[in-house]
Amino acid sequence: MSEQGGLVSRSAGSRIAVLGASGFIGSTVVAALARRHPEAGLRLVARGRSPVPPEAENIEVITADLTDSDALAEAVADADVVLNLLLYTGGGTWRAAEEDPRSEQVNVGVTRDLVRILRRVRRPGPAPIVVVPGSTSQLGPGGSGLVDGTEIDEPATVYDRQKSAAERVLLDAAAEGILRGVSLRLPTIFGATPNAVDRGVVTAMARRALVGESLTVWGDGSVERDLLCVDDVAQAVLACVDHADELSGSHWLIGTGQGVSLQTLFTTIAEVVASETGRPTVDVVSVAPPEHATEMDFRSIIADPARFRAVTGWRAEIPLRAAVRQTVAALVAG
C-alpha cells in the first residue's frame, strides 16, 4: 500500500480531475480518493453519469465528450492532478479497437490534446501530475512469462499500439517539463464496484455460470494471466499521485506477480458461482480456439511489480477467490 503522502494530502486546495469518472476503473479510483482525501477537490468528468461518493466534501461533476478539445480544456483547467482513465473498447474488449477508428480518438487523441492544452496554459509552480494507464500487453511478442517492464516493446495489436502511442506522448511531455507523467501498465483487471462490474473474461464467464452454461476454455487452458482486482488498481493510481516526482517520465508495471491458468480461473469461477447460488457446479470444457484468436491470446504474461513497489510500497492485497466472489455477488445482486 502506498504511504499517506503526496500532493493531495499536503494541500486541501488541490484539484484532481478524473477523466472517465463513470467508468469501471474511474469510479473505483474516485471512491478511493474520496475515502482517503475527502478534503481534496474532485472534478468528475465523463460522458455518462458519474457516481458521487458520500465521503467527498468538495466535488464537481462535469458531463462532457472529452474528444472535444474545448471540453477537455475546461475539464482540466486549474487541475493539479489529471487522471486520464478513459478507455475506448467498443463492445467491451480490446479487440474492438481493431475495427473502430474512433478508438484512436479516445485511447491516443485525448492524451495528445491534453499535452497541447497543458503546454499552452503553463502556470507557475510544480507541473501538474498526469497518470495514464497502459497495458502489460504493450510488450507484444517480445514479452512472455514474468515481465518487469524493462523489456523492449513490440506492440502487436491496434489497441497496444494505441496505448504505446499515448504513453510516448505522455513521457515526451514529462521530459519537456510540461507535466509529471506516469504510465501505469495494467494486467488483466476485474472486479465489481457499487456502480459497475468489469466487462472482461471474468464477468463473461461468471454470467454464463449463473445461467447454468458450461465455461469454455481455449485448448488446454494452460495459458496464464496475472489477474488484478480493480480495488488494488485504484490504490496503485493513488500511489502514482503520492510518488509522482519519483515515478514521472517512465512506465511502471503492476500486478500480483502470480500467474493463474485460464483453466484454474474458470474452475474458480464455477466453484464460486455454485457456492453463491447453491446450484451444481458448471463444467469447464476445452474447445478449439476461434479464428479471431491472436498470438497474444496464447502468451502467458505475468507482471512483476517489484520496481513499482520499491518506490511506492504498493502491493496487491485482494486474493483471487475473494475478488471473484465480490464480482459474482455483484452480478447476483444486480
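Values computed for the structure shown
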read-out: Lone qualifier among ILE302, ILE269 - being of a type outside the set (D, E, K, R), assigned to a strand (DSSP E or B) and open to solvent by less than 50 Å² (accessible area, probe 1.4 Å); value: ILE302
read-out: Residue list for the range 222-249, restricted to those being modelled with pLDDT of 95 or more, touching a Ser or Thr at 6+ places or on another chain (Cβ under 7 Å) and not in a helix (DSSP H, G or I); value: ASP226, LEU227, LEU228, HIS243
read-out: Candidate set: the range 198-221, residues that are outside any helix (DSSP H, G or I) and closer than 23 Å to LEU253 by Cα; chosen: the one least open to solvent (accessible area, probe 1.4 Å); value: ASP198
read-out: In the range 111-125, the residues that are without any contact (Cβ under 8 Å) to a residue 40 or more places away in the chain and assigned to a helix (DSSP H, G or I); value: ARG120
read-out: Pairs, first more than 15 Å from LEU186 (Cα to Cα) and at pLDDT below 90 in the range 142-160, second assigned to a strand (DSSP E or B) and among the small types (Gly, Ala, Ser), C-beta under 6 Å, six or more apart; value: none
read-out: Hits in the range 115-145 (condition: aliphatic (A, V, I, L, M), over 18 Å from the mean Cα position of the chain (by Cα) and surrounded by 17 or more Cβ atoms within 10 Å (Cβ to Cβ)); value: VAL115, ILE117, LEU118, ALA127
read-out: Flag for ARG325 being open to solvent by 30 Å² or more (accessible area, probe 1.4 Å), under 15 Å from ASP148 (Cβ atoms), in contact (Cβ under 8 Å) with a residue 12 or more places away in the chain and in a helix (DSSP H, G or I); value: no
read-out: Every residue from the range 162-182 that is surrounded by fewer than 18 Cβ atoms within 10 Å (Cβ to Cβ) and basic (Lys, Arg); value: ARG168
read-out: Members of the range 276-326 that are under 18 Å from ALA192 (Cα atoms) and small (Gly, Ala, Ser); value: ALA316, ALA322, ALA323
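Listed here are the residues, each with its yes/no results for (1) at pLDDT 90 or above; (2) open to solvent by 10 Å² or more (accessible area, probe 1.4 Å); (3) under 23 Å from ALA192 (Cα atoms).
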| site | (1), (2), (3) |
| --- | --- |
| SER14 | no, no, no |
| VAL45 | yes, no, yes |
| ALA64 | yes, yes, no |
| THR67 | yes, yes, no |
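The values are calculated or read from the model by the stated rules, or taken from the named source; none is laboratory data. Everything numeric here is computed off the predicted structure, so don't read it as measured data. Please note: Cβ atoms are built from the backbone with ideal geometry, for glycine as well, and neighbour counts cover all protein chains shown. Side chains are part of the model used for accessible areas, which takes the heavy atoms of the whole protein and leaves out ligands, DNA and RNA. Shrake-Rupley method; radii C 1.70, N 1.55, O 1.52, S 1.80 Å.
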